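Down below is the structure, laid out as structure tokens.
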Protein chains: 2
Amino acid sequence: MSAPARMIGVGVGPGDPELMTVKAIRALGEADVVAHFAKTGNASRARTIAAAHLKPGVTELPLLYPVTTELPKHAPAYCGKIDAFYQDCAVAVAAHLDANRSVAVICEGDPLFYGSYMHLHVRLAAHYPTEVIAGVTGMSGCWSAVGAPICQGDDVFTVLPGTLPEAELARRLADADAAVVMKVGRNLPKVRRALDCAGRLDRAMYVERGTMTDAVVMRLADKPDDDAPYFAIVLVPGWEKRA
Amino acid sequence: MSAPARMIGVGVGPGDPELMTVKAIRALGEADVVAHFAKTGNASRARTIAAAHLKPGVTELPLLYPVTTELPKHAPAYCGKIDAFYQDCAVAVAAHLDANRSVAVICEGDPLFYGSYMHLHVRLAAHYPTEVIAGVTGMSGCWSAVGAPICQGDDVFTVLPGTLPEAELARRLADADAAVVMKVGRNLPKVRRALDCAGRLDRAMYVERGTMTDAVVMRLADKPDDDAPYFAIVLVPGWEKRA
């Protein structure tokens, strides 16, 4: 039985397929079309997580990012290209909705927390029935795998992109009780210096593929090199007064 | 079949039982003992969420907070009483572990994100096998129910307790792209003034019981009174440049 035609942003969690919710699995069983973002030539990480729950023969709609790494991020050419891509994606999803097919857009982590899904949401939610199914975020998956109590009581918690300038990273790290730094990758040397400047390097944990069987976890101070994939994160647990 | 004796922090998500993960449900099917925090005289919210998945006849270990509302929060008498309570809880859980029984400690939201479970974790994880199962946080449940894209790209995201002083709340709200204010309750008038001072009141959403069927959701600027339960939250979506 198909659900009424609607767009559903489905969070499939941080990587371990068992961290999918019952609601996400039900949505995949009901949707007529399953859409997923991926880089051209790469498998969608969300699709890999959800694979066991796709209906046999379900229509899939891969949404493939244009190759844009050769353009600087804030260049008008990049912004124009990526905007046109999201617009094309919205048109492709809308075509299915117009044909009375419901579309599950599967998303790693949580759909509305730094996810590509929201580019569809802001373009389509005002025009079509829309539902969002919350998911376990990548950062929750990481601090749970590490067993690091991240924040408690009246802690101030902050999520920082590793792309920020070094001085701003240091200022914000010093100003928060607990923090997560995302988009580490080639920003790692800068992130390390900012943590040191903020007096937080000793507490920082480096995590790669946190909820996978091949996870890499260590104190950042013990990491001997600055090699890190884009999706690596750094955790700075709070709760200093009681730890 | 019972799992090997261990303590498992089990996140059961923000309220909707369908937002439990497959892994949480499996853990409840395997544990010998299910522990849950609650106020004396109140049902545990985590237990209510997980009720359908408790094994018939499973041993339950209610962990009942002492009545402490008559004491100021930072008073030595309060801190001593609550520390003694957590210590007693750890002893009670350890007694089951020593008897080779595995104990699932169920937690609303995510166990290591502002949860009582971590008071057990810091006391027992060094001495017993321990596992933490990440859950969907209350705030994810809320912004998903509201359909509010909370943060994107290089946004800085901050979680603030409503208990902070007004000037500090205003400073931190102005300094973040996206924010969530927790522990709203009787702090609402102060939170409202701080948002106004930071120029963010127009974007703020007020949410009560976000993932329940009786959810209350409105623009904070439209809320005519300052009545709010302790667990109400305020969302300040980021992404201003593109919204």
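The values are calculated or read from the model by the stated rules, or taken from the named source; none is laboratory data. Only a predicted model underlies this, so the values are computations on that prediction, with no experimental measurement involved. Counting neighbours? That spans all protein chains shown, and the Cβs are built from the backbone with ideal geometry, glycine included. Protein only, heavy atoms only, side chains kept; ligands, DNA and RNA dropped before computing areas. Shrake-Rupley method; radii C 1.70, N 1.55, O 1.52, S 1.80 Å.
Data table
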read-out: Some residue of segment A:150-159 being under 27 Å from A:MET20 (Cβ atoms), within 11 Å of another protein chain (Cβ to nearest Cβ) and free of Cβ contacts under 8 Å to residues at least 60 places away in the same chain; value: yes
read-out: Failed criterion for B:THR137 (all others in (1) open to solvent by 30 Å² or more (accessible area, probe 1.4 Å); (2) closer than 23 Å to A:VAL122 by Cβ; (3) in contact with a strand residue (DSSP E or B) (Cβ under 6 Å, 6 or more places away or on another chain); (4) within 11 Å of chain A (Cβ to nearest Cβ) hold); value: (1)
read-out: Verdict on B:ARG172 being basic (Lys, Arg), open to solvent by 10 Å² or more (accessible area, probe 1.4 Å), more than 20 Å from B:ALA228 (Cα to Cα) and within 8 Å of chain A (Cβ to nearest Cβ); value: yes
read-out: Some residue of segment B:54-67 being part of a strand (DSSP E or B), modelled with pLDDT of 95 or more and within 12 Å of chain A (Cβ to nearest Cβ); value: no
read-out: For B:ASN100: the one exception among (1) open to solvent by 30 Å² or more (accessible area, probe 1.4 Å); (2) part of a helix (DSSP H, G or I); (3) away from chain A (no Cβ under 13 Å); value: (2)
read-out: Yes/no for B:ASN42 being open to solvent by 60 Å² or more (accessible area, probe 1.4 Å) and at pLDDT 95 or above; value: no
read-out: Check on A:ALA145, touching a residue at least 24 places away in the same chain (Cβ under 8 Å), of a type outside the set (Ser, Thr, Tyr) and either closer than 30 Å to B:PRO165 by Cα or at the interface with chain B (Cβ under 7 Å from one of its Cβ atoms) (or both); value: no
read-out: Residue list for segment A:160-169, restricted to those being open to solvent by less than 10 Å² (accessible area, probe 1.4 Å) and within 9 Å of another protein chain (Cβ to nearest Cβ); value: A:LEU160, A:PRO161
read-out: Residue in segment A:70-85 that is touching a strand residue (DSSP E or B) at 6+ places or on another chain (Cβ under 7 Å), open to solvent by 10 Å² or more (accessible area, probe 1.4 Å), assigned to a helix (DSSP H, G or I) and farther than 21 Å from A:PRO14 by Cβ present; value: yes
read-out: Pick from segment B:116-133, criterion outside any helix (DSSP H, G or I) and within 7 Å of chain A (Cβ to nearest Cβ), ranking: least open to solvent (accessible area, probe 1.4 Å); value: B:ILE133
read-out: Every residue from segment A:147-161 that is closer than 20 Å to A:PHE231 by Cβ and part of a loop (DSSP other than H, G, I, E, B); value: A:ALA148, A:ILE150
read-out: Conditions (1) modelled with pLDDT under 95; (2) in a loop (DSSP other than H, G, I, E, B); (3) in contact with a Gly (Cβ under 6 Å, 6 or more places away or on another chain); number of the one not met by B:PRO111; value: (1)
read-out: Filter result for the condition that a residue is modelled with pLDDT under 95 and among the small types (Gly, Ala, Ser), over A:ALA27, A:ALA50, A:ALA95, A:ALA77; value: A:ALA77
read-out: Filter result for A:ALA179 (within 28 Å of B:ALA125 (Cβ to Cβ), open to solvent by 40 Å² or more (accessible area, probe 1.4 Å), under 20 Å from the mean Cα position of the chain (by Cα) and of a type in the set (A, V, I, L, M)); value: no
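Per-residue answers, yes or no, for (1) within 8 Å of chain B (Cβ to nearest Cβ); (2) among the basic types (Lys, Arg):
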| residue | (1), (2) |
| --- | --- |
| A:GLY13 | yes, no |
| A:THR21 | yes, no |
| A:ALA27 | no, no |
| A:GLU30 | no, no |
| A:VAL34 | no, no |
| A:THR40 | no, no |
| A:ARG45 | no, yes |
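Table: residues versus (1) away from chain B (no Cβ under 14 Å); (2) touching a Gly at 6+ places or on another chain (Cβ under 9 Å).
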position	(1), (2)
A:LEU188	yes, yes
A:ARG192	yes, no
A:LEU201	yes, no
A:TYR206	yes, no
A:ASP214	yes, no
A:ASP226	yes, no
A:ILE233	no, yes
